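Before any comments, here is the structure.
The values are calculated or read from the model by the stated rules, or taken from the named source; none is laboratory data. Every value quoted in this text rests on a predicted model; they were computed, and no experiment measured them. Here the Cβ positions follow ideal geometry from the backbone for every residue, glycine too, while neighbour counts run over all protein chains shown. With ligands, DNA and RNA removed, areas are computed over all heavy atoms of the protein, side chains included. Shrake-Rupley method; radii C 1.70, N 1.55, O 1.52, S 1.80 Å.
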Amino acid sequence: MSPLQARQPWAAQLRALGENSGDSAESGRGTVHGEGHTHRTLARAGPRCIFLTNQQDSSPLLLFQGLKFEVVPSQFKETLRKASFPTPYAYAVETAKQKALEVARRMHQKDLRAPDIVIGADTIVTDGKQAVRCCRGGAWGGEKYIPVCKQNLVHTRSQQRSLQQRRRGKPQAIEGLILEKPVDRQDAYSMLSRLNGKEHSVFTGVAIVRCFSQDGRLDVDVSEFHEETTVQFAQLSDELLWDYIDSGEPMDKAGGYGIQSLGSMLVQQIRGDVLNVVGFPLNHFCRKMAELHGPPRPEHRPPARHESESVPTTDPSESLGDVDTEGAGSHPASRDEGRSHGGAQGGAQAGGHGPEAPSSQDADHDRTADTLPPFPTGLLELIDGFKASKALFTACKLKVFDLLQDEGPLRAVDVASKLDTSECGTGRLLDVCVALGLLEKSDRGYRNTELAGRHLLSHGEHSLHSLAVLCDDLDWPHVSCLERAVRAGAAADCRRRASGTEDGAVCPDSSQSPDRKPWFSGAAHGLARLTAHQVATAFDLSRFSSACTLGGCMGALAHELAREYPGLRVTVFDLREAIERVACFQPTGRLTEQVSFVPGDFLKDRLPEADLYVVPGVLQGWPDDKAHELLSRISGSCHPGM
Ligand SMILES: C[S@@+](CC[C@H](N)C(=O)[O-])C[C@H]1O[C@@H](n2cnc3c(N)ncnc32)[C@H](O)[C@@H]1O
């Protein structure tokens, strides 16, 4: 497993593609999505990746704990029928589980590998006292919740009817017991006044979904729990409630208040874990994780917030109830600082300098998440990126995207048969394209993403297909002899070999092989269309009345200039064979009147008269002497003073 594979889901597939062996290189456990630090933080054999489904509020809490994870919002629609649950917390736990399972399935489908762990959480507030009253003390009271059936709670319905109508089809709480996010200010007021002066319960259901992938199938092992915290509201005036509602805070909070901010003013007393009210019962979660994976090793505990503060010595699963969540949010930054500076305890020593430096073996043993350098994501992407490019080029050349646009979704076996390629290799290439965001995969097969449909078809207004093919044919061989070129200064030789041109220029001229020319035009035009607007608007060209684009190809920039400057006449000057292909690309309409095409060789023929000469995308591919020759000719044609 390379470090890059720990960061990039597609990297493992690229490797598998390269190896082209029968078995998937990353089958089974060992799949790593995202952060390696979670592994180090939790336990040696612990999980290496956590997806938190949609508890954004909980992110700082988990970060405080030193867990690194990726937040993947769940697409699970929270439409479970509340009345079918025996208790409010059963509803919260099931919602948390369904959120997590949805993410697990989606990630598995997308990346073809299971994430290690997905955590789902759902917090609800229940109007507990009222429940007891409504149930006449029978079904729901004291510490224990006894399953209640619908009829027991029918009394609460009339009170809630108008609210139900406002909730517009949202499934109603267990007969009004579960308070979710208010739908409007009035709803917030009715929630808060129900809680006013009373005690209520906050439940968070948590599901820890451990994932296993076997033979491409996802297996899961779900552990779940819930945490209850009792909150006593002070007796509050209507004025204060409305002031609080006017602050806007209640609108996205279950129960209509947030204890982590202004809402704390409303609270007189709490029994239980305050973080549970914030949205994630970290203490219970840590105990559960320790149960599942063993407790974290001491060095994996979160570092001190400031160098002067000591690292907490308690097992994080023991007590976290007094955590201040503001500090929790700022923790990751301090940890990063700790890492790059080597940390207060032994970072410098671990480097092996100074009399007390431990042996390299000790230093290795003492390595912690805090003494490691920042993860070099960008560098690893540079190291591996060429493989992604090659996969893209190959898919373009095989016209995978054209096929899937016309006939998709298709299974790998059908793509292979239509393209006359191997089933195994095609399947892997398609999977890499999925991981690169170029294809989507479903039960019905592969199909183009919007991005691929827009840019990677061989024809189309914004096609970059020819550019990809050209890069593969021309740039790839250049790049592969870069080391030799740098050593021996043989760039022109390499280019000549690759491009088949006399002077190594990458632009088509008379010496170039004819079969490449359409690709050049298509590639240059595709890129020019994308960039023309930026180029045309980068400078104020309004003082010019005529312009000439030298090597202006199919006129993409010329047309954009004409669009931007209605008074500008633009001449496109290019080789005759290029101009002959213009008809395939030229837009029709008013703009064409401002643009004219003149065939010619800008190194031999007289340049058209113009106030402004633009040389778009020509010189960078040329040897210096030739570039100099062209610039001298342009200089000779320019009107002094313009
Ligand atoms: C890489 S393309 C640039 C395309 C341009 N960026 C655009 O707006 O589409 C280079 C262009 O220079 C043209 N070219 C190359 N040598 C030329 C020459 N000696 N005289 C005129 N045009 C030339 C090519 O035909 C080609 O269209």
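General remarks:
- Tally of residues being open to solvent by less than 20 Å² (accessible area, probe 1.4 Å) and at pLDDT below 90 across the range 526-536: 1
- Within the range 477-502, the residues that satisfy the criterion of being hydrophobic (A, V, I, L, M, F, W, C) and either in a helix (DSSP H, G or I) or at pLDDT 85 or above (or both) are Val479, Cys481, Leu482, Ala485, Val486, Ala488, Ala491, Ala492, Cys494, Ala498.
- Within the range 603-631, the set of residues being more than 14 Å from the ligand (Cβ to nearest atom) and open to solvent by less than 80 Å² (accessible area, probe 1.4 Å) comprises Ala610, Asp611, Leu612.
- Residues in the range 409-427 that are touching a residue at least 12 places away in the same chain (Cβ under 8 Å) and open to solvent by less than 30 Å² (accessible area, probe 1.4 Å): Leu410, Ala412, Val415, Gly425, Thr426, Gly427.
- Listed by position, the helices (runs of 4 or more DSSP H) contained in the range 346-408 that have at least 1 residues being modelled with pLDDT under 60 and aliphatic (A, V, I, L, M) are 347-350, 360-365.
- In the range 572-582, the residues that are touching a helix residue (DSSP H, G or I) at 6+ places or on another chain (Cβ under 8 Å) and either open to solvent by 70 Å² or more (accessible area, probe 1.4 Å) or modelled with pLDDT of 85 or more (or both): Val572, Glu577, Ala578
- Picking from residues in the range 234-249 that are over 38 Å from the mean Cα position of the chain (by Cα) and touching a residue at least 40 places away in the same chain (Cβ under 8 Å), the one that is surrounded by the most Cβ atoms within 10 Å (Cβ to Cβ) is Leu241.
- Filter result for the condition that a residue is modelled with pLDDT of 70 or more and more than 15 Å from the ligand (Cβ to nearest atom), over Phe520, Phe539: Phe539
- Of residues in the range 554-570 being within 9 Å of the ligand (Cβ to nearest atom) and in contact with a strand residue (DSSP E or B) (Cβ under 6 Å, 6 or more places away or on another chain), the one nearest to Gly600 (Cα to Cα): Gly555
- Among the residues of the range 174-200, the ones that are outside any loop (DSSP other than H, G, I, E, B) and open to solvent by 10 Å² or more (accessible area, probe 1.4 Å) come to 8 in all.
- Thr426 meets the stated requirement of being at pLDDT 95 or above and among the polar types (S, T, N, Q).
- Test: residue in the range 459-474 that is open to solvent by less than 50 Å² (accessible area, probe 1.4 Å), in contact with a helix residue (DSSP H, G or I) (Cβ under 6 Å, 6 or more places away or on another chain), closer than 30 Å to Gly216 by Cα and at pLDDT 90 or above: no
- Within the range 202-217, considering residues that are part of a strand (DSSP E or B) and among the charged types (D, E, K, R), the one surrounded by the most Cβ atoms within 10 Å (Cβ to Cβ): Arg210
- Among residues of the range 460-477 that are polar (S, T, N, Q), those with a beta-carbon under 6 Å from a residue that is open to solvent by 50 Å² or more (accessible area, probe 1.4 Å) at least six positions away or on a different chain give the pairs Ser466/Trp519.
- Total residues in the range 51-95, condition open to solvent by 40 Å² or more (accessible area, probe 1.4 Å), among the aliphatic types (A, V, I, L, M) and modelled with pLDDT of 55 or more: 1
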